[in-house]
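For reference, the structure is listed below as structure tokens.
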């Protein structure tokens, strides 16, 4: 999976789950201020990413630091790289 | 697949303050405050009596009082609001069976309208801000209401399962907050995840008219008609696969959206 495919997968999964407009989904978009997500969505976001990529991240502290879509892309890219190396 | 209805529901809004609205506002608020204070003052005595005669657990007694408080509010509003409950004989609904109610949200008074339901043993799942209203906080804690904003999902799930296993019901506002534009907003997953985890049915409740009575960002009340329509229960067992929660959520929202649009015509 290349970087663009990963980004598309993330965007599609989040857009479906949270009824987001694809045009709003830029790397700089803040999940809370720009995309209208809130604390109640945190659990669902983790579940969506786990289902999309088949890894477990609910215990991962780095998830709590995510603020923008770009943060998610970097976080997932790191996870995929870890998986490939192990 | 995006969640859209063919004819999306939009609650009616009222902009001008009529004489009827002024009369209602000047009468209903003092009555409500008086009713609330009376309830707070009499609660300890009534609680002791209820406990003595029924032996029910504290949470169940408090939920009964909250329901009675809602029934009292319905009576106070009756000179200005015509209430209708459409759902006593809904196919497949056994009111004795624990369920997860989900209701659309247009007004602060939506919670009071739950007095229309023929069951009283209901724990509400709410955000953290209602817990900050000191005059309600104590009762919400005693009734074991779920704080879906501050608690972890594990805690919410465990507390919710406890209520359901004891024969009670849960009630969620899946939109999370009151609609600002009268339209049905996106649904959060909590209620549906709870249904999948507990195996209990989701019972959709469609409330119309409360957005005219008192929408967000308006302080005065408007005389109106309020209808609560109960839809057929949705069994989570009918949904399978990785996206069970999402599929259930989409199906329930579709049914509510259609029913609200239908009731609006």
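No lab work stands behind these numbers, since they all come straight from the coordinates. Here the structure is a predicted model, which is why all the values come from computation and not from measurement. Glycine gets a Cβ as well: all are built from the backbone with ideal geometry, and neighbour counts include every protein chain shown.
Using C-alpha pairs under 8 Å with a sequence gap of at least 6, the mean separation divided by the residue count of the range B:97-170 gives a relative contact order of 45 percent. Extending 7 Å from Cα along the Cβ direction at residue B:235 and again at residue A:29 yields two label points whose distance is 3.9 nm. With the convex hull drawn around the C-alpha atoms of the protein assembly as shown, the volume per residue stands at 154 Å³. Put a dot 7 Å past the Cα of residue A:63, heading toward its Cβ, do the same for residue B:37, and the two dots end up 4.9 nm apart. Rounded to the nearest 0.05, the FRET efficiency derived from the C-beta distance between residue B:177 and residue B:262 at R0 = 41 Å is 0.95. The mean sequence separation of alpha-carbon pairs under 8 Å and at least six residues apart, normalised by the residue count of the range B:19-264, gives a relative contact order of 26 percent. The calculated FRET efficiency for residue B:47 paired with residue A:2, based on their beta-carbon distance and R0 = 51 Å, is about 0.20.
Over every Cα atom in chain A, the radius of gyration and the widest Cα-Cα span, Dmax, amount to 12.1, 36 Å.
With only Cα atoms counted, the range B:177-238 has Rg and Dmax values of 14.9, 44 Å.
Alpha-carbon geometry of the range B:19-264: the Rg and the Dmax are 17.7, 55 Å, given in that order. Residues B:63, A:64 in ascending order of nearby Cβ atoms (within 10 Å, fewest first): A:64, B:63. Taking Cα atoms only, the orientation of helix A:69-85 departs from the longest principal axis of chain A by about 10 degrees.
Potential lengthening of the chain between residue B:22 and residue B:133 amounts to 37.4 nm, from the contour at 0.36 nm per residue minus the alpha-carbon distance. Counting every Cα pair in the range B:210-265, what percent are over 18 Å apart? Tail of the P(r) past 18 Å holds 53 percent of the pairs.
Computed over chain B with a Gaussian network model linking Cα atoms closer than 10 Å, the most mobile of B:130, B:223, B:174 is B:130. Rounded to the nearest 500, the helix-only mean residue ellipticity at 222 nm of chain B stands at -14000 deg cm²/dmol, with each DSSP H run of n ≥ 4 adding -39,500 (n - 2.57).
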